[in-house]
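These notes concern the structure reproduced below.
The values are calculated or read from the model by the stated rules, or taken from the named source; none is laboratory data. Here the structure is a predicted model, which is why all the values come from computation and not from measurement. We place every Cβ from the backbone using ideal geometry, glycine too, and count neighbours over all the protein chains shown.
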Amino acid sequence: MLPAFPVYLFDVDGTLMDSQADICGAVQTVLASHGRTDIPHEVLVRYIGRHLIEEFVDFGFSHEQAEQMMVEYRGIYAERKHAATKVYPGVASALDQLGGRKSTATTKGTPTTRLVLEQFGLIQHFDHVQGTDGFAAKPDPGVLLKSLEALGARPADCLLVGDSPADMEAGRRAGIRTCAVTWGYGEAGELARWEPDFWIDAPHQLLPDF
C-alpha cells in the first residue's frame, strides 16, 4: 500500500496515456524525409520521454540537423491530432479519487501538454500543468523542480509517478520519492537500476486505501 502524499507529479506519455503510435509515427515521418527508414518502432519507443534532439543525434544527425528535425516533428505531431493516443484504463478514475495536489512533469512542452489533457478529459484533475519549456529535459530534474515551485511544495512532500528510467533518475536527482509504473514503455530492469520507492501494476494502486 502506498502512503498518501500532499503532491503528485505525473509523467504523461507511457504513464497517463499510450501515445507511442502518434509519437513514433511522427518521428518515423521525419526520419524518412531525411533518408532514414531503417529504424523500427521498437527502437523509437525506448526514446519516448527523452529530448528529441538527443534522439536524432543518436541516429547520426548533427545537432544543427536535429534542431531542424525537431521543428518538423512538432508540426507533424500536431497534424496527427493525437488520433492514435489513448488514456490507459483506470487512469481517469484513479486521478479522480486520488487526493493531494497534482501536476504534470513531462518532456512535452506545456502548451501541448495542456491541449492533450483537455482533449482527453483529464485537465480537471490537475492543479498545475508543467512541461519542458526551454530547459533541459529529464533525466535533468528541471521540470520536476518547476512543478514544485509552481505549487509551493517541497521535494519531501511529493511522489513522482512515471514509466521510464529518465523519470526515476530525475526524481532521485530532485530528492523526490518515485513510483514506477509497469504498464508503460520502460523496461523493468532499467527502471530497477534507479531503485524506485514504489512499483505499481495498475493506476488504482496509487490510492492509499487500496
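General observations
- Residue list for the range 157-166, restricted to those being in contact with a Pro (Cβ under 8 Å, 6 or more places away or on another chain) and under 24 Å from I23 (Cβ atoms): P165, A166
- Out of L2, L31, L9, sole residue that is of a type in the set (A, V, I, L, M) and in a strand (DSSP E or B): L9
- Here is the figure for the range 102-155: residues that are at pLDDT 95 or above and of a type in the set (G, A, S) total 9.
- Matching residues in the range 29-63 - criterion: being among the polar types (S, T, N, Q) and more than 27 Å from A105 (Cα to Cα): S33, T37, S62
- Checking A192, A137, A153 one by one, the residue that is surrounded by 20 or more Cβ atoms within 10 Å (Cβ to Cβ) and farther than 14 Å from D11 by Cα is A153 and no other.
- Search result, residues across the range 47-69 that are within 22 Å of D18 (Cα to Cα) and surrounded by fewer than 16 Cβ atoms within 10 Å (Cβ to Cβ): E54
- Annotation note: Cβ proximity below 7 Å between a residue of the range 111-124 that is outside the structural domain of G75 (by TED's automatic domain parsing) and a residue that is among the polar types (S, T, N, Q) and modelled with pLDDT of 95 or more (sequence gap 6+ or interchain) occurs for T113/T104; T113/T106.
- Within the range 40-74, the set of residues being more than 21 Å from D140 (Cα to Cα) and within 22 Å of the chain's Cα centre (by Cα) comprises P40, H41, E42, V43, F59, M69, V71, E72, Y73, R74.
- Test result for F10, of a type outside the set (A, V, I, L, M) and within 22 Å of G171 (Cβ to Cβ): yes
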